[in-house]
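Peer 1: Below is one structure. I have some questions about it.
The values are calculated or read from the model by the stated rules, or taken from the named source; none is laboratory data. Everything numeric here is computed off the predicted structure, so don't read it as measured data. Cβ placement follows ideal geometry from the backbone for every residue including glycine, while neighbour counts extend to all protein chains displayed. In case anyone asks, the SASA skips ligands and DNA or RNA and just uses the protein heavy atoms, side chains included. Shrake-Rupley method; radii C 1.70, N 1.55, O 1.52, S 1.80 Å.
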Amino acid sequence: MKSRKFLALSVLLIAMLTIVVGLVTTNLQPVHAGEQPSSSGYKVLEPIRHGSLTVFPVVAPRSYATGEFLTLDEGLRSGEVVVTEYGNVRGLLRRRTTPAMQHDAAEVNRLVLINNSKQPLLLLAGEIVTGGKQDRVIGKDRIVPAESDPVDLSVFCVEPGRWVATSSQFGASGTTYGAGNGSGIGGGVGVQKSAGTLMAQPSVRAKAMGDKDQNEVWAEVRKQQQSMTVEVTAAAPAASTEEIRSTSSYARLMENKDVKDRVDEVAKPIEQSYQSLIKQLRDRKAVGVVVAVNGQIIWADTFASTELLEKYWPKLVRSYASEAVVTRAKGGEASLAQAEAFLGNMQGRRETIESEPGIYRHTEVNGDGFKAFSLTSLLPKTGFDVHVAKMAE
């Protein structure tokens, strides 16, 4: 009798154990060789290295539909997005025609943007618009709804020394890269090249996004201009050297041929390697990168989809390469474990949230040795993080 009870109990325990093991197994995500899963669900892959720049590709457990979003480059090229000095637009209500302009009320840290397109516009902190009385860098990620009223942008000047209008409106820089039409990162054979906005290098982005202080932004711009001048002018022709030393424009400096050539030495091999890799990783939802310079993890950018990453990649990689060119401190090689730990740690001491109901939510997290920024779309049928940026401090 006792043996029958013991047998029945054993069968019951085995059945329960089988159910538990099955439940655990169904929730496990496979981890491929050469990658590490983070606590956020992202997986960090083996790095691509060239010189002092290292990028770790990041894949995500899922991708989101982001085709409705218009980028700043696309909007400026089509003419459907207008950026002008604050004070040049009379009135706050949207008109069916172009709003009337008024002049002489410009302010350093304010621009006005009008989205005339039928798509929501995605703006990323660090994008540089040139023109007006000074070139400006966008200070915060945000979404501007379709057919918007004039929007007051938070920006910082990246051209200390000029306060004379070159044009009433702002546009893209002279930098050219792939058109960002989803046909492949960085363009390629048969892909039209077109002008786009610059993305400021991480050290300048950090001052605008993190410190939010115009004097700090100016100081960092001057520092990076001086460093780039030292790196480039020794081998540059005299005329180019004079141009580099005389300009106060961060954008114009980065568009100088000798500077572009120096940045390309670092950016091109990384861009081409990642372009090839992302084609293989598209079905695994490649969405971003963790960036290291001279062995130090400095930054991460992740997006809601591979398509968005493709659109921003050409100017992002040049941004990272610009940082690598002017960073002299030497270190070892950043490891996969370090990249995974950096991406996975989003727990902070303080959280600040700004929101435009029904449009977007912007969250800033201040943690030990880092700041992270996430832009969440609140538009209908969304509710996901469109872009997440994290900087080391």
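Peer 1: Which net charge results when you count Lys and Arg as +1 and Asp and Glu as -1 among the other residues whose beta-carbon is under 11 Å from that of residue 257?
Peer 2: Spelling it out: positives minus negatives among the neighbours equals -3.
Peer 1: Using a probe of 1.4 angstrom, how much of the accessible area of the range 216-278 is carbon and sulfur, in percent?
Peer 2: 48 percent
Peer 1: For residue 298, which sequence-distant residues (separation of 5 or more, or a different chain) have an amide H within less than 5 Å of its own amide H, given hydrogens modelled in the peptide plane?
Peer 2: 291, 292, 293
Peer 1: For the range 191-343, what value does the Rg/Rh ratio take when both radii are computed over Cα atoms and Rh is the Kirkwood radius, given to two decimals?
Peer 2: 0.97
Peer 1: Which entries of 285/381; 285/315; 268/390; 260/311 show an alpha-carbon separation above 22 angstrom in the structure shown?
Peer 2: 268/390
Peer 1: Accessible area per residue of the range 241-387 at 1.4 Å probe, in Å²?
Peer 2: 42 Å²
Peer 1: Highest mean first, what order results for 64-70, 152-158, 287-293, 136-142 on Cβ atoms within 10 Å?
Peer 2: Most protected by this proxy first, the peptides run 287-293, 136-142, 152-158, 64-70.
Peer 1: How high is the FRET efficiency between residue 353 and residue 272 when r is their beta carbon distance and R₀ equals 22 Å, given to the nearest 0.05?
Peer 2: So, using R0 = 22 Å, E works out to roughly 0.05.
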